[in-house]
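The block underneath contains the structure these notes are about, expressed in structure tokens.
The values are calculated or read from the model by the stated rules, or taken from the named source; none is laboratory data. The model shown is predicted, which means the values in this text are computed figures rather than measured ones. Please note: Cβ atoms are built from the backbone with ideal geometry, for glycine as well, and neighbour counts cover all protein chains shown. The accessibility values were calculated without ligands, DNA or RNA, using every heavy atom of the protein model including side chains. Shrake-Rupley method; radii C 1.70, N 1.55, O 1.52, S 1.80 Å.
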Amino acid sequence: RRPPPRPSGAMDPWASGSALSSSGFGLENVPFGVCRRRGGSGGWFPATRIGASVVDLGVLEAEGLLDTPAARAGCGAAFQEGSLRPFMALGRPAWREVRAALQRLFAPSEGALRDDAALCARALVDHSLVEAGLPAGVGSPRGYTDFYSSRHHAQNVGEMFRGARTLPAAWLSIPIAYHGRASSVVPSGTTVRRPCGQVLPKGAEAPIYSQCKVLDFELEMATVVGPGTELGAAVPAKDASQHIFGLALMNDWSARDIQKFEYVPLGPFGGKNFATTLGQWVVTLEALEPFSCAAEAQSPPPLAYLDEGDARRTWDVPLSVSINGHAVCKSNYRHLYWTAEQQLSHHTVTGCSLETGDLLGSGTISGPGEAEYGSMLELSWSGSRTVALGEGGEGGERKFVEDHDSVNLGGEARSADGSVVVSFGECEGTLLPAQPLA
């Protein structure tokens with residue numbers, strides 16, 4: 001029997017297995033996010049993406065299609081508000097069960113949703129017709145910390161500013177970090193205003209008030225916290241994955257001239273607090289498991305609470321940045337020296353509590369080659385050279401990000417033969433001109 005037609009606004013997520021698997025959003029992925037229809041019609045809803053369709057998880061839950069034991073035991077309604085926070089707080093057993101239920105629901109042989117045109121019209125919408133929100137809902141996250149975990153990036157900064165590829169004194173002992181500004185974390189697609197602040201012009205003895213003239217992106221990945229931790233309790237690295245809901249792309253916009261004047265001795269403040277863009281989708285560790293690979297060997301060995309033992313690993317996820325659609329750099333998540341689990345563990349070692357939906361930024365992810373540098377600071381070597389946009393400079397050239405530039409981060413894990421792709425979607429922001437004080 002031919003199934004009834006689905007709504008014209010939603011492309012068929014029941015495509016052939018190979019086409020779906022290589023699309024980036026096949027059943028091997030099943031990422032999670034929060035969306036709403038463009039134009040503000042309707043509210044925010046928890047979602048996943050299958051093929052070209054965004055799926056309203058609240059609709060499926062209300063119809064009893066996501067009724068799993070772990071989710072039912074944790075809370076009766078995980079997807080009935082405009083946030084993933086209730087679901088993220090349930091923990092890994094519930095995440096796995098819901099992901100498996102979605103994989104069954106969208107299997108080619110399953111018709112419970114596919115054959116119900118009215119339900120499809122309510123639950124499915126084409127991805128081009130929605131905008132992204134933040135996974136823990138409006139006003140989230142409550143906490144955001146940015147780490148500094150790429151050896152290549154740290155050594156590049158050392159060479160540029162200290163004349164040697166040296167690392168900060170504590171860098172090989174702890175995952176260095178600073179507390180970012182959670183209120184200025186924005187979802188993909190949000191415009192970003194060029195900031196103003198105090199800068200010290202070259203050769204000057206006193207600072208001036210000025211718009212930032214050295215605006216940069218930073219290619220990062222954010223760890224999204226699932227179940228929180230108790231105040232006063234520490235989590236060893238070997239147990240930290242139980243608190244990790246998944247990973248999302250992140251651009252930690254940076255005002256380098258403001259940062260340069262202010263950062264000694266307490267680190268960045270205004271140079272980093274004006275905007276951080278979070279990617280569209282949170283990809284689960286289960287989806288990344290096929291792309292697991294060895295993490296960089298650590299020397300000296302970390303202290304016991306940071307020692308992951310046989311569980312130490314990372315993920316092979318190629319990353320990219322484009323400006324106005326033209327490629328700027330390529331890197332890989334595996335270039336991080338400190339893993340997400342070690343970052344979370346060190347964050348809690350003093351007894352600091354984490355909350356569901358908190359973000360832990362990886363820090364700029366740079367590789368060993370010049371084309372793998374994850375910031376314009378490195379690509380232009382502190383502005384001493386221009387960077388071609390696209391092959392042969394077809395998109396022009398830059399030293400730093402200019403007004404009206406659209407900066408887009410990408411991440412796609414791929415099987416060796418390319419038949420399976422797990423995509424993180426977009427992480428895009430367009431830079432608007434500054435609005436200086438009168």
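Per the listing 345, 353, 299, 331, the residue uniquely modelled with pLDDT of 95 or more and in contact with a strand residue (DSSP E or B) (Cβ under 6 Å, 6 or more places away or on another chain) is 331.
Residue-by-condition table, conditions (1) modelled with pLDDT of 95 or more; (2) charged (D, E, K, R); (3) touching a strand residue (DSSP E or B) at 6+ places or on another chain (Cβ under 7 Å):
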residue: 233; (1), (2), (3): yes, no, no
residue: 236; (1), (2), (3): yes, no, no
residue: 245; (1), (2), (3): yes, no, yes
residue: 251; (1), (2), (3): yes, no, yes
residue: 254; (1), (2), (3): yes, no, yes
residue: 264; (1), (2), (3): no, no, no
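Please enumerate the residues belonging to segment 383-392 that are assigned to a helix (DSSP H, G or I) and either acidic (Asp, Glu) or within 18 Å of residue 257 (Cα to Cα) (or both). Residue satisfying the conditions is 391 alone. Screening residue 289 on (1) assigned to a strand (DSSP E or B); (2) within 23 Å of residue 227 (Cβ to Cβ) shows it passes everything except condition (1). Put simply, of 298, 343 the only residue that is open to solvent by less than 50 Å² (accessible area, probe 1.4 Å), within 23 Å of residue 178 (Cα to Cα) and in a helix (DSSP H, G or I) is 343. Restricting attention to segment 393-422, the residues being touching a Ser or Thr at 6+ places or on another chain (Cβ under 8 Å), open to solvent by 10 Å² or more (accessible area, probe 1.4 Å) and either assigned to a strand (DSSP E or B) or of a type in the set (A, V, I, L, M) (or both) number 7.
Only residues that are under 29 Å from residue 139 (Cα atoms) and open to solvent by 20 Å² or more (accessible area, probe 1.4 Å): list them for segment 271-295, please. 273, 274, 280, 286 - these are the residues of segment 271-295 that are under 29 Å from residue 139 (Cα atoms) and open to solvent by 20 Å² or more (accessible area, probe 1.4 Å).
When residue 327 is tested against (1) open to solvent by 40 Å² or more (accessible area, probe 1.4 Å); (2) under 30 Å from residue 403 (Cβ atoms); (3) not in a strand (DSSP E or B), just one condition goes unmet, and that condition is (3).
Residues that are in a loop (DSSP other than H, G, I, E, B) and under 18 Å from the mean Cα position of the chain (by Cα) do not occur anywhere in segment 160-171.
Considering segment 115-152, and only residues there that are of a type in the set (A, V, I, L, M, F, W, C) and under 15 Å from the mean Cα position of the chain (by Cα), the residue that is nearest to residue 229 (Cα to Cα) turns out to be 136.
Can you work out which of the residues in segment 129-171 that are aliphatic (A, V, I, L, M) and open to solvent by 50 Å² or more (accessible area, probe 1.4 Å) is farthest from residue 336 (Cα to Cα)? Per the criteria, the residue is 129. Can you confirm whether segment 347-355 contains a residue that is of a type in the set (Asp, Glu), open to solvent by 20 Å² or more (accessible area, probe 1.4 Å) and either over 26 Å from residue 141 (Cα atoms) or part of a helix (DSSP H, G or I) (or both)? No; the residues of segment 347-355 include none that is of a type in the set (Asp, Glu), open to solvent by 20 Å² or more (accessible area, probe 1.4 Å) and either over 26 Å from residue 141 (Cα atoms) or part of a helix (DSSP H, G or I) (or both). Any chance segment 176-199 includes a residue that's part of a loop (DSSP other than H, G, I, E, B), out of contact with any Ser or Thr (no Cβ under 9 Å at 6 or more places or on another chain), modelled with pLDDT under 95 and over 21 Å from residue 321 (Cα atoms)? Checking segment 176-199: not a single residue is part of a loop (DSSP other than H, G, I, E, B), out of contact with any Ser or Thr (no Cβ under 9 Å at 6 or more places or on another chain), modelled with pLDDT under 95 and over 21 Å from residue 321 (Cα atoms). Hey, can you tell me all the residues within segment 188-209 that are touching a Cys at 6+ places or on another chain (Cβ under 9 Å) and either free of Cβ contacts under 8 Å to residues at least 40 places away in the same chain or within 27 Å of residue 358 (Cβ to Cβ) (or both)? Within segment 188-209, 188, 195, 197 qualify. Note on segment 101-133: residues that are basic (Lys, Arg) and assigned to a loop (DSSP other than H, G, I, E, B) amount to 1. Scanning segment 306-315 for residues that are open to solvent by less than 60 Å² (accessible area, probe 1.4 Å) and at pLDDT 95 or above turns up 306, 308, 312, 313, 314, 315. Can you name the residue in segment 227-270 that is assigned to a helix (DSSP H, G or I) and in contact with a helix residue (DSSP H, G or I) (Cβ under 7 Å, 6 or more places away or on another chain) and, of all such residues, is nearest to residue 160 (Cα to Cα)? For segment 227-270, the residue satisfying everything is 256.
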